[in-house]
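The values are calculated or read from the model by the stated rules, or taken from the named source; none is laboratory data. Because the structure is predicted, anything quoted here is derived from the model rather than measured. Cβ placement follows ideal geometry from the backbone for every residue including glycine, while neighbour counts extend to all protein chains displayed.
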C-alpha cells in the first residue's frame, strides 16, 4: 500500500507535467523552456505554491491569482487521472517493472486523450516515441502470445521474441489502419482517419500486443461512434463536418482493455 501511495503522488507530479505538454506541444512550444509554468492569459510566471497538483487548483478556485482568468478543468482532471492510475497500477500489480510499464502507458494515454479532445492533435512525442518505449519495455515484460510468436524460431530467446512481437504489432496495426483510412478517403473523397490516429494505434500495439490493440480499436470505435452521435444530436452539429477526437476514445479504450486483458 505504501508503494501505491507513493506512486500516486508521483502520478500527480507526472500529471502536472503532462498538462504542460498538452498545452505547449500543439503550439510548437518547448516543454523545457521556460521551465516554470505560466498563465496563458496574462503570461505571468506561476509561483511554486500555485502549482501544487490538485491543491493549488482548489485553493485558487480554478482561477489565475494575477488576472483572474479561469483555469481549464482539464488541468485538474489530468492530474487526478494520472495520480489514480499510478496508484491503481502499483496497488493492483505490486511494485515492479510491470507496474512501471502500465504507469508509462497510462501517462501516454492520458496526455493523448486530453490533447486530442482539446486540440485535435496527437503529438509524435507520445505516439512515435511511445512505440519505441513500448518496444523497449517488451524486453523486460513479456508480450502476450501473439501471431508473430507462433512463427518465431524455437531457438530465439524470450526477450527477443517479445520485442519482435511488439514491433510486429506496431507495424502491422499502423499499416492496416493507414490502408483503411486511405481507402475511405478515395471512396468518400474526404479524410476519415488522421495519421496521428494511425501512429497512436501502432503505439498501443507496441505496448499491448496485436489482439488487445485490435480490441482497443473496436472498443474505441464503438465509444466514439456512440458519443459522437449523441453530441451531434444534442448540439445539432453537421455530421458531415464534425471532427471526432478518435484518439481520445482510443486512449480511453486502451486503458479499459489493458485492465480487462490483465484480469483475464
One residue is enough: does region 7-28 have a residue meeting the conditions part of a loop (DSSP other than H, G, I, E, B) and either in contact with a strand residue (DSSP E or B) (Cβ under 8 Å, 6 or more places away or on another chain) or loosely packed, with under 13 Cβ neighbours inside 10 Å (or both)? yes
Sole exception among (1) surrounded by 12 or more Cβ atoms within 10 Å (Cβ to Cβ); (2) within 18 Å of residue 71 (Cα to Cα) for residue 49, by number: (1)
Only one of these is part of a helix (DSSP H, G or I), exposed (fewer than 13 other Cβ atoms within 10 Å of the Cβ) and either modelled with pLDDT of 80 or more or within 13 Å of the chain's Cα centre (by Cα) (or both): 222, 217, 257, 201. Name it. 222
Unmet criterion (only one of (1) surrounded by 15 or more Cβ atoms within 10 Å (Cβ to Cβ); (2) modelled with pLDDT under 80; (3) closer than 30 Å to residue 23 by Cα) for residue 146: (3)
Residues satisfying the stated conditions in region 1-39, i.e. under 18 Å from residue 111 (Cβ atoms), modelled with pLDDT under 85 and touching a helix residue (DSSP H, G or I) at 6+ places or on another chain (Cβ under 9 Å): 37
